[in-house]
Amino acid sequence: MKSKQSLLAVQIQAALIAATVGLSPAALAQEKDKAKQDDQQLERIMVTAQKRVQSTQEVPISVATLSGEKFDAIFSAGDDIQALGVKVPGLYAESSNGRAAPRFYIRGLGNTDFDLAASQPVSVIMDDVVLENVILKSFPLFDIEQVEVVRGPQGTLFGRNTTAGIVKFSTAKPRQDFDAYTKFSLGNYGTRNVEAAVGSGLTDELSARVSVLSQHRDHYINNTFTNEKDVMGGFDETAGRLQFLYEKGDVSALLNVHGRKLDGTSSIFRRNVFTKGSNELNANYDRDNVAYDGGNNFQKYDNSGASLKLDFDLNNMTFTSITAHEQADGNGRGDIDGGTEAGPGPSAVGNAVTEDQLKDLKQFTQEFRLASDTSEALEWQVGAFYFDSSFGVTSIDGFFGQTSVYHDNQSWAVFGQSTYNLNDRWDVTGGIRYTHDKKSFDVGEQNVNGFALVIGVAQIQNYAPIDLSDGQVSWELATNYRLTDQTSLFARFANGFRAQSIQGRNVAFEEDPTTAESETINSIELGAKSDLLGNTLRLNGAVFYYNIDEMQLSAIGGNNNGNSLVNAEEGTGYGFEIDADWRALSNLTLGGGFSYNKTELKDPNLLVGVCGSGMCTPLDQTIQVPGKTLAYVNGNPFPQAPETILTLNARYDIPVSTGEIYFYTDVAFQGETNLFLYDAVEFKTDDNMEAGLRIGYQNYDGNYEVALYGRNITDEDNVKGAVDFANLTGFVNEPRMVGIEFKKSFF
């Protein structure tokens with residue numbers, strides 16, 4: 001928003017013109033109204049959803065963005081990347097692994113797999129580098145320039161495992177002009193966040209930027225079984241990023257080196273917090289207390305990486321090379337059944353404690369891209385991509401012992417996309433990509449306890465390495481028509497696939513690994529984008545339908561707390577999303593959006609295990625097999641797929657002599673959500689809500705800001721997920737966080 005001084009300057013200029021040319025009072029009033037209207041106009045937002053810099057209003061894709069104050073408000077209490085969930089229509093996020101392994105869902109499509117080897121249909125891209133493993137996807141967010149949520153299949157430009165869409169982060173880059181900021185906040189639960197960045201030119205060709213983050217929260221959850229006070233719930237997170245940008249003539253090179261260290265708490269599982277026949281939290285739920293007999297749910301992860309982006313300006317073309325390497329290690333422990341017999345309610349097991357260790361994760365990616373750089377009617381880009389990843393996962397179970405499994409994944413692709421401008425209002429885009437993906441899996445050493453010794457040794461000898469490979473073509477066809485200078489219509493047909501998957505987690509529980517064939521999606525969306533009311537109202541919307549063949553699913557839980565991959569014959573989804581921003585007055589901005597996602601599994605023969613010991617109330621048709629109950633899930637919604645998401649935000653500022661006082665609030669509503677593949681009364685949520693509030697003062701002359709913030713200000717206890725094998729265990733959102741923040745900028 002322009003400052004009060006800039007508006008005053010425009011008014012003075014209008015008055016001088018009036019005096020010079022003899023404008024009437026009515027004409028002068030019109031000039032003032034125009035100046036006021038200009039001050040209210042929304043800024044143009046640029047995105048790179050198609051690997052080119054384009055306006056959101058010109059891209060034939062449903063894209064939502066977050067940046068600036070809206071982004072900062074969401075993360076003011078030190079939340080991790082999951083805080084993006086439900087803040088953008090159609091986007092959801094959750095995790096049963098604390099801050100370390102987020103699971104994303106777009107338009108209802110995601111993956112509930114909690115293993116460190118999980119494959120997801122939502123790709124996370126940070127500074128043009130794909131982050132495939134779930135630990136890499138949890139890299140903390142700081143010094144962020146913009147977030148883009150690109151909905152729908154993105155297989156042409158971004159490859160396999162993007163059947164739902166992508167979440168794309170762009171960090172602030174080095175530049176020649178000096179700029180810096182420091183941000184410090186304090187909150188309840190001993191929350192402390194420090195963020196800072198500084199950038200400047202070092203020589204005429206070389207500039208640099210350093211960004212750092214330090215976050216802390218005290219433990220606040222007691223372990224009543226061990227009589228320990230304040231031993232869980234807190235975290236220490238540190239991260240840093242160093243960038244160098246070299247620009248000379250037709251060449252630019254951007255080096256990005258980054259790392260993070262997390263010492264925190266895994267998700268807190270709470271035993272028997274539901275009563276059979278109800279999905280409401282009962283009297284057993286106590287946010288500040290659990291009774292864990294397997295230690296306190298710790299979590300420790302380290303990861304680091306580096307990337308080098310080279311751009312060469314050729315004759316009417318640009319050649320780009322992006323080389324990146326990521327690595328990570330760490331471990332975390334969870335008391336999966338939510339505690340001991342000393343806790344509330346019955347349990348079918350004695351000590352369901354699991355520790356997962358990620359060992360020696362390495363990811364290497366290389367992309368080459370050649371793109372046109374002219375004003376001709378035809379725009380094009382072609383490229384090639386290579387991906388190589390390897391890691392081990394060791395699972396240590398208090399009952400079965402220890403097992404190590406190893407995963408390798410190599411993938412390569414070639415792609416091309418072109419846009420032809422039929423005239424100054426109508427363009428057509430087409431793209432195609434061929435991807436070949438190969439995965440391998442092997443079982444390493446296994447140490448076992450008690451009676452499982454003989455079984456474990458016998459089984460490990462029977463595990464043969466698994467090798468899977470697949471090659472598929474992805475494509476898209478889109479068109480954008482500018483109905484007027486302010487309104488455009490678009491249509492997009494897209495195809496993509498998620499590569500085959502291997503899940504070895506069941507090996508740790510004396511069962512065979514499972515695999516899933518590649519899934520293929522076909523999607524159609526129609527939309528409109530408009531800047532109305534003199535560019536003060538931006539209203540974008542899209543309707544969509546998609547069909548997935550051989551849909552990959554993770555059948556989780558049941559009597560044995562399994563984690564098995566299955567393919568459903570088909571999955572479908574349809575709905576719409578709306579994004580809006582309105583500068584109602586020069587000092588009042590309103591925004592928000594709404595999404596509706598109707599998803600359905602279509603496979604009359606697909607059976608999955610349901611809750612153990614008959615403790616829940618399945619609504620599906622069930623059958624009995626030795627030792628377990630299975631349910632037909634045909635017709636059920638996708639798991640963790642909110643049917644509706646509503647977001648609202650508002651900002652109101654009051655000019656004062658040195659700056660402004662502002663009020664900012666945001667509210668997010670999450671509609672009905674099924675937690676598992678099967679449908680049960682206890683394992684669905686509805687009407688989850690969280691709200692935030694920020695009251696601040698900005699001093700223009702001193703370039704500083706001080707604000708009071710609150711997240712989850714009504715202290716909602718929202719269920720995020722459940723565990724169904726031993727009791728009615730659940731886990732919930734973060735508590736209310738309030739604090740004060742100070743930010744100082746330097747130019």
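The values are calculated or read from the model by the stated rules, or taken from the named source; none is laboratory data. These figures come from a predicted structure and were not determined experimentally. Counting neighbours? That spans all protein chains shown, and the Cβs are built from the backbone with ideal geometry, glycine included. Just so you know, the surface numbers come from the protein's heavy atoms only, side chains and all, with ligands and any DNA or RNA stripped out. Shrake-Rupley method; radii C 1.70, N 1.55, O 1.52, S 1.80 Å.
When you count the other C-beta atoms within 10 angstrom of each residue and take the mean per peptide, 562-569, 52-59 line up highest first as 562-569, 52-59.
With no solvent and one point per C-alpha, what does the Debye sum give as log10 I(q)/I(0) for the chain at q = 0.11 Å⁻¹? Summing over Cα pairs of the chain leads to -1.28.
Using only alpha carbon positions, build the gyration tensor of the stretch 611-666, then give the equivalent ellipsoid semi-axes as the square roots of 5 times its eigenvalues, largest first, whole angstrom.
Details: eigenvalues 590, 31, 9 Å².
Sorted largest first and rounded, they come to 54, 13, 7 Å.
Neighbours of H325, meaning other residues whose beta-carbon lies under 12 angstrom from its beta-carbon, give a summed charge of -1 when Lys and Arg score +1 and Asp and Glu score -1. For I396, neighbours were defined as the other residues whose beta-carbon sits under 10 Å from its Cβ, and their charges (Lys and Arg +1, Asp and Glu -1) total -2. Per-residue packing, averaged as other Cβ atoms within 10 Å, sorts the ranges 434-442, 110-118 into the order 110-118, 434-442, beginning with the highest.
For the chain, the solvent-accessible area of protein heavy atoms averages 39 Å² per residue (probe radius 1.4 Å; ligands and nucleic acids excluded). Of the three principal axes defined by the Cα atoms of the stretch 121-169, the extents in descending order read 29, 21, 14 Å.
For the stretch 472-537, would you read off the P(r) tail past 19 Å as a percentage of all alpha carbon pairs? Don't skip to the answer; put the middle values down first.
Details: 1303 of 2145 pairs.
That fraction is 61 percent.
May I ask you to give the average projected area over all directions of the convex hull of the Cα atoms of the stretch 72-213, in nm² rounded to one decimal?
Numbers: hull surface 39.2 nm².
So the mean shadow area of the Cα hull is 9.8 nm².
For the stretch 256-330, the Kirkwood estimate of the hydrodynamic radius, built from every pair of different alpha carbons, is 17.4 Å.
Peptides 593-601, 180-188 ordered by packing proxy, namely the average of other Cβ atoms within 10 Å per residue, highest first: 593-601, 180-188.
Along its first, second and third principal axes, ordered by size, the stretch 254-293 spans 57, 24, 15 Å in Cα coordinates.
Ignoring ligands, DNA and RNA, please state the percent of accessible area on the chain from carbon and sulfur, probe 1.4 Å. Don't skip to the end; give the middle numbers.
Values: 16200 of 28930 Å².
C and S atoms contribute 56 percent here.
Restricting the calculation to alpha carbons of the stretch 554-693 gives Rg and Dmax of 21.6, 77 angstrom.
Using only helices, what value at 222 nm comes out for the chain when you add -39,500 (n - 2.57) per DSSP H run of length 4 or more and divide by the total residues, to the nearest 500 deg cm²/dmol? Present the calculation step by step, with values, prior to reporting the outcome.
On the way: 5 runs with 54 residues, N = 747.
Using -39500 (n - 2.57) per qualifying helix, the result is -2000 deg cm²/dmol.
Farthest towards the positive end of the charge dipole of the chain, among the residues I166, V53, P639, is the Cα of V53, using unit charges on the Cβ of Lys, Arg, Asp and Glu. Tell me whether the stretch 92-174 comes out rounded, prolate or oblate; compute the Cα gyration tensor, take square roots of the eigenvalues as a ≥ b ≥ c, and use a/c under 1.5 as the rounded threshold. Verdict is oblate for the stretch 92-174.
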